[in-house]
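I have placed the structure first, in the form of C-alpha coordinates, so that the comments after it can refer back to it.
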Amino acid sequence: MIAKINDSWDDRKVDQTDSQTDLTCAVSNEPAHVMIELKNFSVHYPQITALKNLTFQFMSNETYSIIGPSGCGKTTLLYALADLLPSDCLMEGECIRINPLVISTVLQDFGLFPWKTVLENTLLPIDLKRKPSIKDIENAKDILKRLKLDTHEHHYPNALSGGQKQRVAIARSKLMSPDLLLLDEPFSALDALTRENLQEEIVTLYQQSPLTILIVTHSIEEAVYVGKTILLLSESGEIQAQLDNPSFGIKNAREQPVFYEQCLAVRRLMKGEL
(Lines give C-alpha, C1' and ligand atoms only; values in the text may rest on other atoms or scores of the structure.)
Protein backbone atom coordinates (compact mmCIF):
# COMPACT_ATOMS: atom_id res chain seq x y z
CA MET A 1 0.00 0.00 0.00
CA ILE A 2 1.56 3.30 -1.07
CA ALA A 3 1.34 6.13 1.43
CA LYS A 4 -1.48 8.58 0.96
CA ILE A 5 -0.78 12.23 1.78
CA ASN A 6 -4.16 13.80 2.40
CA ASP A 7 -4.34 17.57 2.86
CA SER A 8 -7.98 17.74 3.90
CA TRP A 9 -9.53 17.21 7.29
CA ASP A 10 -13.05 17.06 8.67
CA ASP A 11 -14.52 19.06 11.51
CA ARG A 12 -13.74 16.61 14.30
CA LYS A 13 -12.72 18.40 17.50
CA VAL A 14 -10.95 17.10 20.57
CA ASP A 15 -11.16 18.83 23.94
CA GLN A 16 -7.79 19.87 25.34
CA THR A 17 -7.10 20.70 28.99
CA ASP A 18 -3.91 21.39 30.87
CA SER A 19 -4.49 21.28 34.58
CA GLN A 20 -0.89 20.35 35.35
CA THR A 21 0.82 23.60 34.41
CA ASP A 22 0.97 26.94 36.13
CA LEU A 23 1.85 28.82 32.96
CA THR A 24 0.20 31.98 31.71
CA CYS A 25 -0.30 31.17 28.04
CA ALA A 26 -1.85 32.95 25.12
CA VAL A 27 -4.63 30.44 24.59
CA SER A 28 -6.40 30.18 21.26
CA ASN A 29 -10.19 30.54 21.30
CA GLU A 30 -10.53 27.65 18.88
CA PRO A 31 -10.80 24.08 20.20
CA ALA A 32 -7.81 21.83 19.67
CA HIS A 33 -7.95 19.77 16.52
CA VAL A 34 -5.94 17.08 14.82
CA MET A 35 -3.21 18.62 12.66
CA ILE A 36 -1.61 15.44 11.35
CA GLU A 37 -2.75 11.84 11.65
CA LEU A 38 -0.60 8.83 10.87
CA LYS A 39 -2.34 5.56 10.07
CA ASN A 40 -0.14 2.45 9.85
CA PHE A 41 2.55 4.71 8.43
CA SER A 42 5.87 3.16 7.41
CA VAL A 43 8.96 4.50 5.62
CA HIS A 44 11.34 2.20 3.75
CA TYR A 45 14.75 3.25 2.47
CA PRO A 46 16.42 1.01 -0.15
CA GLN A 47 18.42 -0.82 2.52
CA ILE A 48 16.35 -0.44 5.67
CA THR A 49 12.90 0.21 7.14
CA ALA A 50 13.12 3.40 9.19
CA LEU A 51 9.55 3.67 10.52
CA LYS A 52 7.07 0.87 10.98
CA ASN A 53 3.29 0.98 11.35
CA LEU A 54 2.98 4.30 13.17
CA THR A 55 -0.54 5.26 14.17
CA PHE A 56 -0.78 8.58 16.00
CA GLN A 57 -2.55 11.95 16.03
CA PHE A 58 -0.62 15.21 16.45
CA MET A 59 -2.89 17.85 17.94
CA SER A 60 -2.82 21.62 17.48
CA ASN A 61 -1.11 23.76 20.14
CA GLU A 62 0.70 20.84 21.77
CA THR A 63 4.38 20.03 22.20
CA TYR A 64 5.82 16.61 21.46
CA SER A 65 9.23 15.11 22.19
CA ILE A 66 10.45 12.21 20.08
CA ILE A 67 13.16 10.10 21.66
CA GLY A 68 14.70 6.69 21.07
CA PRO A 69 17.95 4.89 20.23
CA SER A 70 20.14 6.01 17.34
CA GLY A 71 18.83 4.83 13.99
CA CYS A 72 15.24 4.29 15.19
CA GLY A 73 13.76 6.74 12.67
CA LYS A 74 13.31 9.91 14.75
CA THR A 75 14.65 12.26 12.07
CA THR A 76 12.87 10.27 9.36
CA LEU A 77 9.59 10.92 11.17
CA LEU A 78 10.31 14.62 11.35
CA TYR A 79 11.22 14.75 7.64
CA ALA A 80 8.09 12.79 6.74
CA LEU A 81 5.92 15.32 8.57
CA ALA A 82 7.74 18.16 6.78
CA ASP A 83 7.44 16.38 3.41
CA LEU A 84 11.24 16.39 3.08
CA LEU A 85 11.91 12.67 2.54
CA PRO A 86 14.22 11.78 -0.38
CA SER A 87 12.71 10.42 -3.57
CA ASP A 88 14.11 6.90 -3.05
CA CYS A 89 11.88 6.33 0.02
CA LEU A 90 8.86 4.07 -0.18
CA MET A 91 6.04 5.13 2.13
CA GLU A 92 3.15 2.93 3.21
CA GLY A 93 0.01 3.80 5.12
CA GLU A 94 -1.47 7.26 5.45
CA CYS A 95 -0.27 10.70 6.53
CA ILE A 96 -3.33 12.96 6.76
CA ARG A 97 -2.88 16.65 7.45
CA ILE A 98 -4.91 19.83 7.29
CA ASN A 99 -4.52 22.25 4.42
CA PRO A 100 -2.93 24.74 4.40
CA LEU A 101 -0.31 23.91 7.01
CA VAL A 102 2.68 26.21 7.50
CA ILE A 103 5.65 24.11 8.61
CA SER A 104 9.02 25.45 9.76
CA THR A 105 12.09 23.33 10.50
CA VAL A 106 15.15 24.05 12.66
CA LEU A 107 18.17 21.78 12.09
CA GLN A 108 21.46 21.29 13.92
CA ASP A 109 23.63 23.28 11.51
CA PHE A 110 21.80 26.64 12.01
CA GLY A 111 21.70 27.40 8.24
CA LEU A 112 22.78 31.03 8.60
CA PHE A 113 24.31 32.98 5.73
CA PRO A 114 27.65 34.40 6.94
CA TRP A 115 27.31 37.55 4.80
CA LYS A 116 23.95 38.50 6.30
CA THR A 117 23.34 40.10 9.67
CA VAL A 118 21.21 38.58 12.42
CA LEU A 119 18.22 40.64 11.31
CA GLU A 120 18.77 39.80 7.63
CA ASN A 121 19.08 36.08 8.41
CA THR A 122 15.87 36.26 10.42
CA LEU A 123 14.04 37.92 7.53
CA LEU A 124 15.49 35.55 4.92
CA PRO A 125 12.36 33.38 4.31
CA ILE A 126 10.35 36.52 3.57
CA ASP A 127 13.17 38.13 1.58
CA LEU A 128 13.30 35.09 -0.73
CA LYS A 129 9.67 35.73 -1.69
CA ARG A 130 9.34 39.50 -1.59
CA LYS A 131 10.79 42.63 -0.07
CA PRO A 132 10.14 42.60 3.71
CA SER A 133 7.62 45.20 4.80
CA ILE A 134 8.02 47.54 7.74
CA LYS A 135 5.71 45.25 9.73
CA ASP A 136 7.84 42.21 8.83
CA ILE A 137 10.91 44.01 10.14
CA GLU A 138 9.08 45.07 13.31
CA ASN A 139 7.93 41.47 13.89
CA ALA A 140 11.45 40.16 13.35
CA LYS A 141 12.86 42.68 15.81
CA ASP A 142 10.21 41.77 18.38
CA ILE A 143 11.08 38.06 18.14
CA LEU A 144 14.80 38.83 18.38
CA LYS A 145 14.10 40.88 21.50
CA ARG A 146 12.17 38.01 23.09
CA LEU A 147 15.14 35.75 22.32
CA LYS A 148 17.56 38.29 23.81
CA LEU A 149 19.16 39.05 20.45
CA ASP A 150 18.02 42.64 19.99
CA THR A 151 21.50 43.99 20.74
CA HIS A 152 22.97 41.68 18.08
CA GLU A 153 20.63 42.37 15.16
CA HIS A 154 23.37 44.08 13.12
CA HIS A 155 26.05 41.51 13.95
CA TYR A 156 27.17 38.78 11.55
CA PRO A 157 27.15 35.06 12.45
CA ASN A 158 30.91 34.91 12.98
CA ALA A 159 30.45 37.27 15.94
CA LEU A 160 27.88 35.01 17.62
CA SER A 161 28.17 32.06 19.98
CA GLY A 162 26.66 28.71 19.11
CA GLY A 163 23.66 29.39 21.32
CA GLN A 164 23.09 32.78 19.73
CA LYS A 165 23.25 31.28 16.24
CA GLN A 166 20.64 28.72 17.22
CA ARG A 167 18.44 31.51 18.59
CA VAL A 168 18.64 33.21 15.19
CA ALA A 169 17.54 29.97 13.50
CA ILE A 170 14.61 29.72 15.92
CA ALA A 171 13.70 33.38 15.37
CA ARG A 172 13.70 32.86 11.60
CA SER A 173 11.34 29.89 11.94
CA LYS A 174 9.08 31.70 14.40
CA LEU A 175 8.77 34.72 12.10
CA MET A 176 6.90 32.55 9.59
CA SER A 177 4.11 32.03 12.18
CA PRO A 178 4.16 28.29 11.58
CA ASP A 179 1.35 25.95 12.53
CA LEU A 180 4.01 23.30 13.12
CA LEU A 181 7.58 23.88 14.31
CA LEU A 182 9.93 20.91 13.83
CA LEU A 183 13.22 20.82 15.75
CA ASP A 184 15.81 18.19 14.81
CA GLU A 185 18.26 17.91 17.73
CA PRO A 186 18.76 21.67 17.55
CA PHE A 187 20.83 21.98 20.75
CA SER A 188 22.99 18.85 20.57
CA ALA A 189 26.26 20.73 19.88
CA LEU A 190 25.83 23.23 22.72
CA ASP A 191 27.09 23.21 26.29
CA ALA A 192 24.73 22.07 29.05
CA LEU A 193 23.72 25.48 30.42
CA THR A 194 23.22 27.04 26.97
CA ARG A 195 21.16 24.01 26.03
CA GLU A 196 18.95 24.41 29.10
CA ASN A 197 18.50 28.13 28.43
CA LEU A 198 17.37 27.46 24.86
CA GLN A 199 14.96 24.76 26.04
CA GLU A 200 13.45 27.34 28.37
CA GLU A 201 13.18 29.86 25.54
CA ILE A 202 11.36 27.33 23.34
CA VAL A 203 8.83 26.78 26.14
CA THR A 204 8.54 30.55 26.66
CA LEU A 205 7.85 31.11 22.96
CA TYR A 206 5.19 28.41 23.18
CA GLN A 207 3.64 30.16 26.20
CA GLN A 208 3.56 33.49 24.40
CA SER A 209 2.09 32.15 21.18
CA PRO A 210 0.96 28.50 21.30
CA LEU A 211 1.68 26.33 18.29
CA THR A 212 2.44 22.68 17.66
CA ILE A 213 6.08 21.81 18.37
CA LEU A 214 7.91 18.54 17.71
CA ILE A 215 11.46 18.12 18.96
CA VAL A 216 13.69 15.17 18.10
CA THR A 217 16.29 14.58 20.79
CA HIS A 218 18.65 12.03 22.31
CA SER A 219 18.43 13.73 25.71
CA ILE A 220 15.93 12.34 28.21
CA GLU A 221 15.96 15.57 30.24
CA GLU A 222 15.34 17.67 27.11
CA ALA A 223 12.48 15.42 26.04
CA VAL A 224 10.84 15.78 29.43
CA TYR A 225 11.38 19.53 29.67
CA VAL A 226 10.02 20.44 26.21
CA GLY A 227 7.35 17.84 25.51
CA LYS A 228 3.83 17.71 26.92
CA THR A 229 3.70 14.32 25.23
CA ILE A 230 6.75 12.08 24.89
CA LEU A 231 6.94 9.51 22.11
CA LEU A 232 9.48 6.74 22.55
CA LEU A 233 10.46 4.91 19.35
CA SER A 234 11.88 1.42 19.43
CA GLU A 235 14.95 0.25 17.52
CA SER A 236 12.64 -1.14 14.83
CA GLY A 237 10.99 2.26 14.28
CA GLU A 238 7.72 1.55 16.05
CA ILE A 239 6.05 3.60 18.80
CA GLN A 240 7.18 1.78 21.94
CA ALA A 241 5.46 4.11 24.38
CA GLN A 242 3.46 7.34 24.60
CA LEU A 243 3.74 9.27 27.86
CA ASP A 244 1.74 12.23 29.09
CA ASN A 245 4.15 14.53 30.90
CA PRO A 246 2.82 15.95 34.20
CA SER A 247 6.02 17.96 34.74
CA PHE A 248 5.66 20.08 31.59
CA GLY A 249 5.51 23.80 32.32
CA ILE A 250 5.63 23.67 36.09
CA LYS A 251 7.67 26.36 37.79
CA ASN A 252 11.37 25.49 38.20
CA ALA A 253 10.63 22.10 36.67
CA ARG A 254 14.19 20.81 36.86
CA GLU A 255 14.17 21.28 40.63
CA GLN A 256 10.92 19.34 41.16
CA PRO A 257 10.61 15.63 42.04
CA VAL A 258 7.94 15.08 39.37
CA PHE A 259 10.47 16.09 36.67
CA TYR A 260 13.00 13.51 37.83
CA GLU A 261 10.30 10.88 38.24
CA GLN A 262 9.32 11.43 34.60
CA CYS A 263 12.96 11.28 33.49
CA LEU A 264 13.35 8.01 35.38
CA ALA A 265 10.23 6.58 33.77
CA VAL A 266 11.52 7.42 30.27
CA ARG A 267 14.97 6.02 31.10
CA ARG A 268 13.51 2.75 32.39
CA LEU A 269 11.34 2.42 29.29
CA MET A 270 14.36 2.94 27.05
CA LYS A 271 16.26 0.28 28.99
CA GLY A 272 13.32 -2.12 28.68
CA GLU A 273 12.67 -2.24 32.41
CA LEU A 274 8.97 -1.27 32.11
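The values are calculated or read from the model by the stated rules, or taken from the named source; none is laboratory data. Everything quoted here is computed from the prediction, not taken from an experiment. Cβ: placed from backbone, ideal geometry, glycine included. Neighbour counts: every protein chain shown.
Results for (1) without any contact (Cβ under 8 Å) to a residue 12 or more places away in the chain; (2) under 21 Å from N121 (Cα atoms); (3) surrounded by fewer than 21 Cβ atoms within 10 Å (Cβ to Cβ), shown as yes or no for each residue.
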residue: A159; (1), (2), (3): yes, yes, yes
residue: I170; (1), (2), (3): no, yes, no
residue: E185; (1), (2), (3): no, yes, yes
residue: Y206; (1), (2), (3): no, no, no
residue: A223; (1), (2), (3): no, no, no
residue: Q242; (1), (2), (3): no, no, yes
Worksheet item: In the stretch 81-108, how many residues are more than 20 Å from A50 (Cα to Cα) and of a type in the set (G, A, S)?
Response: 1
Practice prompt. Please find, within the stretch 187-198, the residue that is farthest from the chain's Cα centre (by Cα) out of those that are surrounded by 17 or more Cβ atoms within 10 Å (Cβ to Cβ) and in a helix (DSSP H, G or I).
Written response: T194
Response to the item:
When (1) more than 16 Å from I213 (Cα to Cα); (2) at pLDDT 90 or above; (3) outside any helix (DSSP H, G or I) are applied to L182, the one that fails is (1)
Item to complete: Working only within the stretch 248-265, note down all residues that are farther than 23 Å from T204 by Cβ and surrounded by 15 or more Cβ atoms within 10 Å (Cβ to Cβ).
Response: A265
Worksheet item: Can you find a residue in the stretch 41-61 that is buried (at least 20 other Cβ atoms within 10 Å of the Cβ), under 30 Å from Q256 (Cβ atoms) and modelled with pLDDT of 90 or more?
Response: yes
Item to complete: Select from the stretch 199-255 the residues that are outside any helix (DSSP H, G or I) and among the hydroxyl-bearing types (S, T, Y) and write down the one among them that is modelled with the lowest pLDDT.
Response: S209
Discussion item. Out of everything in the stretch 51-102 that is among the basic types (K, R) and assigned to a strand (DSSP E or B), what residue ends up being farthest from the chain's Cα centre (by Cα)?
Written reply: K52
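Here's the yes/no breakdown for (1) in contact (Cβ under 8 Å) with a residue 60 or more places away in the chain; (2) touching a Cys at 6+ places or on another chain (Cβ under 7 Å); (3) among the basic types (K, R):
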residue	(1), (2), (3)
R195	no, no, yes
Q199	no, no, no
S209	yes, no, no
I215	yes, no, no
K228	yes, no, yes
L232	yes, no, no
G237	yes, yes, no
E261	no, no, no
M270	yes, no, no
Fill in: Hits in the stretch 138-162 - residues which are under 11 Å from L119 (Cα atoms) and either part of a loop (DSSP other than H, G, I, E, B) or in the same structural domain as Q208 (by TED's automatic domain parsing) (or both)
L149, E153, H154, H155, Y156
